[in-house]
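Asker: Please read through the structure below; I'll follow up with questions.
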Amino acid sequence: MTAPLAAPLRVAVLGGTGFIGRVLCARLVEQGHEVLSLARSVPADPPAGRFTSVDLSSTAPVELARLLDDERIDAVVNAAGGMWGLTDEQMYEANVVLVGRLVEAVAAMAAPARLVHLGTVHEYGMAPIGTSQRESDTPAPVMEYGKLKLAATESVTRAVEAGLVRGVTLRLGNVVGAGQPGHSLLGVMAAKLDGARLAGEPARLDLQPLTAQRDFVDLTDTVDAVLAAIAAPTTVPVINVGTGSATAARVLVDLLIEVSGVPVEVTEVPAPAGSGPETEWQQMDTALAAAQLGWTSDRSLRQAVDSLWQARIASATS
């Protein structure tokens, strides 16, 4: 847990209705800050703070700058973006175009706010097994999503290095926690387990070996890192946020099954040809996060998975 920010701030959170943004808004409000959440669609359950509907991918930078100035915003966190269920063109709009407009808007503010942009480990691509990915490494993203997020990060970096904005990109590992998106592996598994729980029968799961090694990081720890980045006068443009350890996806699924207490009948199915840990390795070097933010990951993956499950059954109950 990070210490509360030193003084009350006015913070704009883009994507405040999302997985990370919603928790960030709640934490900021708890600490006494004023929060303005910006997103395209008006949610049925608004996040903490105030909400304003803005189409961030089409709003002119000068209009967004005016809004941020009128609200006397001290810091902007970009937790917006899109991946699942979108075409390549929609992903480009949601990630690259949006960030380009945001950077231009922040630079045009009368008193430019601090900008914290949330990137992703997928910007790096895969690495040789056993190695750690450092911020100084040359990115080589494989997925289209990773390529687009890298382009967005590079636009923020150029602005920071040119002195146009004060800010940093946090390259996040694979975040796990309460409110896990339903399209993710753990989101899908949680839905199946909860369905079986409600039906009073064993869950029937068809599982591949899931040998891909990833750097998974707890949601609460991730939000701590964002809070630290809002306050810290960082001197580097990109900082990794992860545990510094790679874990097989199957370990996370097994942890979820264990904490759920739901009986399961697992059918093991073969992995697709060509897959395996040798081609599916990501592990982040987190030394810069400790040096620049005073941040390290404290919570275990079991705690992260337990938070995911408790939120799932609480949502089903409500």
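Asker: Working carefully through the options VAL266, VAL262, find the one that is in a strand (DSSP E or B), touching a strand residue (DSSP E or B) at 6+ places or on another chain (Cβ under 6 Å) and not acidic (Asp, Glu). Break it down stepwise before answering.
Answerer: On the way: VAL262 fails: in a strand (DSSP E or B).
Going through VAL266, VAL262 in turn, just one is in a strand (DSSP E or B), touching a strand residue (DSSP E or B) at 6+ places or on another chain (Cβ under 6 Å) and not acidic (Asp, Glu): VAL266.
Asker: Something else: Can you name the residue in region 260-278 that is over 20 Å from VAL188 (Cα atoms) and exposed (fewer than 13 other Cβ atoms within 10 Å of the Cβ) and, of all such residues, is modelled with the lowest pLDDT? Break it down into steps so the answer makes sense when it comes.
Answerer: Initially, region 260-278 is screened for residues over 20 Å from VAL188 (Cα atoms), giving 273-278.
Within this subset, residues satisfying the condition of being exposed (fewer than 13 other Cβ atoms within 10 Å of the Cβ) are 273-274, 278.
Numbers: ALA273: 60, GLY274: 54, GLU278: 40.
Among those that are over 20 Å from VAL188 (Cα atoms) and exposed (fewer than 13 other Cβ atoms within 10 Å of the Cβ), it is GLU278.
Asker: Name the residue, out of ALA232, ALA190, ALA178, ALA228, that is of a type outside the set (Asp, Glu), out of contact with any Asp or Glu (no Cβ under 7 Å at 6 or more places or on another chain) and open to solvent by less than 10 Å² (accessible area, probe 1.4 Å).
Answerer: It is ALA190.
Asker: Six or more apart or on different chains, Cβ atoms under 8 Å: show the pairs whose first residue is in region 5-29 and more than 12 Å from VAL77 (Cα to Cα) and whose second is polar (S, T, N, Q) and outside any loop (DSSP other than H, G, I, E, B).
Answerer: These pairs meet every condition: THR17/SER37; VAL23/THR220.
Asker: Suppose we keep only residues that are part of a loop (DSSP other than H, G, I, E, B) and free of Cβ contacts under 8 Å to residues at least 60 places away in the same chain within region 103-137. Which one would you say is surrounded by the most Cβ atoms within 10 Å (Cβ to Cβ)? Even if it seems obvious, please write down each step before you answer.
Answerer: Step one: list which residues in region 103-137 are part of a loop (DSSP other than H, G, I, E, B), which gives 109-113, 124-132, 134-137.
Subset that is free of Cβ contacts under 8 Å to residues at least 60 places away in the same chain: 109-112, 125, 136-137.
Values: MET109: 18, ALA110: 9, ALA111: 9, PRO112: 20, GLY125: 18, SER136: 9, ASP137: 13.
The qualifying residue surrounded by the most Cβ atoms within 10 Å (Cβ to Cβ) is PRO112.
The values are calculated or read from the model by the stated rules, or taken from the named source; none is laboratory data. This one's a predicted model, so the numbers in the text were calculated from it and none came from an experiment. Here the Cβ is made from the backbone with ideal geometry for all residues, glycine too, and neighbour counts use every protein chain on show. Remember, those area values only see protein heavy atoms, side chains included, never the ligands or the DNA or RNA. Shrake-Rupley method; radii C 1.70, N 1.55, O 1.52, S 1.80 Å.
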